[in-house]
Amino acid sequence: MASRRRQPNSFLKPLLQDWYGKQEGDAAMLRHLPGPASISECLDKEMKRLLPPWEWNVLKVRQEWEEIAGKENARRCTPAFLNEGIFYIEVSHPAYRVILETPQIKNTLQERIRKIIGSQYCQSIRFIAGGRTVPRKK
């Protein structure tokens, strides 16, 4: 037998209708319900519940990647995966990887990623050769 889930304030509705009358009770009930939420908030909440934390964090970084890395860098490198506190970024060309490894650029990228997912998930970043992960469809 399937159990029905009760609404959080379902006990209030009959009380308010009895006290105020049907129409006034329904209006009073609206004051006790949570406010509306945007679809994106609901989807984010559900995706966060369904996905493992590392995958959710990679998804968040991918969504903001152009802002994190800048337009030119975003064309040449892509967030790949997160493993044991190391955020891996695929780089399309070895020469460009040398440029990204400079401490100033690497630290800047790392700090921007940390602002989005937190330092407990991104302890460091590592650049890897492109082609190690399956390409994403755009």
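Where a number appears in this text, it was derived from the coordinates with a stated rule and is not lab data. Just so it is clear, the structure is predicted and the values come from calculations on it, not from any experiment. Neighbour counts run over all protein chains shown; Cβ positions are idealised from the backbone, glycine included.
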Check I125: other-chain or 5+ apart residues with amide H under 5 Å from its amide H, H built from backbone geometry?
-> F87
Which residues does a label at F81 reach in region 89-131, if reach means a backbone N under 19 Å from a point 7 Å past the Cα toward the Cβ?
-> 89-92, 121-131
Pairs beyond 26 Å (Cα-Cα), from K71/K106; K60/K106; K13/K45; K45/K106; K22/K45 | K13/K45; K45/K106; K22/K45
